[in-house]
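Notes for the one structure printed next.
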Amino acid sequence: MPVKLNNYDLSRYVIILTGATDGIGKEMARILSGFNPKRLILPARNKEKGRNLLEYIKSTNGKVDNVEIWEMDLEDLQSVKNFANKFIKEIGELHILINNAGLIVQNQVIKTKDNLELQFQVNHLAPFLLTLLLLDTMKKSVSAELPGKIALTSSEANKLGVIDFDNLNLEKGAYWVPFKTYGNTKLMSVIITKELSRIVRNENIATYSPHPGAIKTNIGHKNNFYLNYFLNILLKISGAESTIEQGAINVLYPVLSLENKETGKYYNEGIEDEPNKVVYDQEVAKKLWNVSEQLLKDRGMI
């Protein structure tokens, strides 16, 4: 049975949601704006898509007074740092951070200007950086009565993933197994979610790693037409395809639901589920955290 959202009063909450210009993020932005947030910040790298997003929210909810489009590009770590610095300086208050943006690249290695494999940066390292930079701000903003929430959107593909510290950045080349690199990065999301929950366990902050479901979006826009056509056929054959709106609800449900007291958990379509068993390996978790931090330090980001 699909999970459903109640009406929530978010008038005391400052929220950041990434990946809001397309797909499930667009629906999440629409839903969140309807819950009257104190401020809803939607980072976008494409200004036109940002304007279209505001128009979409306006045409469906009519509530854009507290919604703001800010510039940020996850393919550029300096852009992420600039966004965080501006946010800390101009707002300085944060209660909910939803790292939702992501992409799939099949059978090729695309490098960013930071000399990082595209999926590794967009799906893992850039949201990790954003979270690190904003963590102190959230700690100061939350309380037992107004707890903080951090979510990193994951995928069932995490169960296909491996953590190979010699190939995190695809130094050995692309995997030819479908969804392999994507699954690796989504496994990283679940691991970081769990490790972060341990780090902030006394800070009134809960962490979540939700899988929205099998949904047809433009997450594979970097792939060629034929590959995306094949992936869409796989979705249909699986029989598990959800609507974009339900996918958005599936991500928001564990974050907003008062019933979810557990932290650091993985959720499959709104229901707590068991992730890849590697998630429970504390040594792997600490090493992934430390290696990720070092990659950011090497680039002068933290």
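Key figures
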| read-out | value |
| --- | --- |
| Answer from Val105, Val80, Val14 - the residue that is within 19 Å of the chain's Cα centre (by Cα) and modelled with pLDDT under 95 | Val105 |
| Criterion: within 19 Å of the chain's Cα centre (by Cα), part of a helix (DSSP H, G or I), at pLDDT 95 or above and farther than 17 Å from Ser209 by Cβ - qualifying residue of Leu125, Leu129, Leu135 | Leu129 |
| Test: residue in the range 70-92 that is in a strand (DSSP E or B) and surrounded by 22 or more Cβ atoms within 10 Å (Cβ to Cβ) | no |
| Enumeration of residues in the range 107-127 that are on the phi < 0 side of the Ramachandran plot and either of a type in the set (Lys, Arg) or touching a Phe, Trp or Tyr at 6+ places or on another chain (Cβ under 8 Å) (or both) | Lys111, Lys113, Gln119, Asn123 |
| Hey, Ala151 assigned to a strand (DSSP E or B) and either modelled with pLDDT of 95 or more or touching a His at 6+ places or on another chain (Cβ under 8 Å) (or both) or not | yes |
| Number of the condition not met by Asn250 [criteria: (1) in contact (Cβ under 8 Å) with a residue 24 or more places away in the chain; (2) of a type outside the set (Lys, Arg); (3) part of a loop (DSSP other than H, G, I, E, B)] | (3) |
| Only one of Ile69, Ile91, Ile15 that is in contact with a Pro (Cβ under 9 Å, 6 or more places away or on another chain) and either more than 25 Å from Ser154 (Cα to Cα) or in contact (Cβ under 8 Å) with a residue 60 or more places away in the chain (or both) | Ile15 |
| Filter result (touching a residue at least 24 places away in the same chain (Cβ under 8 Å), acidic (Asp, Glu) and within 28 Å of Gly247 (Cα to Cα)) within the range 269-293 | Glu269, Asp273 |
| Hey, Leu53 more than 27 Å from Ala206 (Cα to Cα), touching a helix residue (DSSP H, G or I) at 6+ places or on another chain (Cβ under 7 Å) and not small (Gly, Ala, Ser) or not | yes |
| Selection from the range 2-36 of residues that are touching a His at 6+ places or on another chain (Cβ under 9 Å) and under 24 Å from Met138 (Cβ atoms) | Leu10, Arg12, Tyr13, Val14, Ile15 |
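The values are calculated or read from the model by the stated rules, or taken from the named source; none is laboratory data. The shown structure was predicted, so the numbers you read here are calculated from the model rather than taken from an experiment. Note that we place each Cβ from the backbone using ideal geometry, even for glycine, and neighbour counts take in every protein chain shown.
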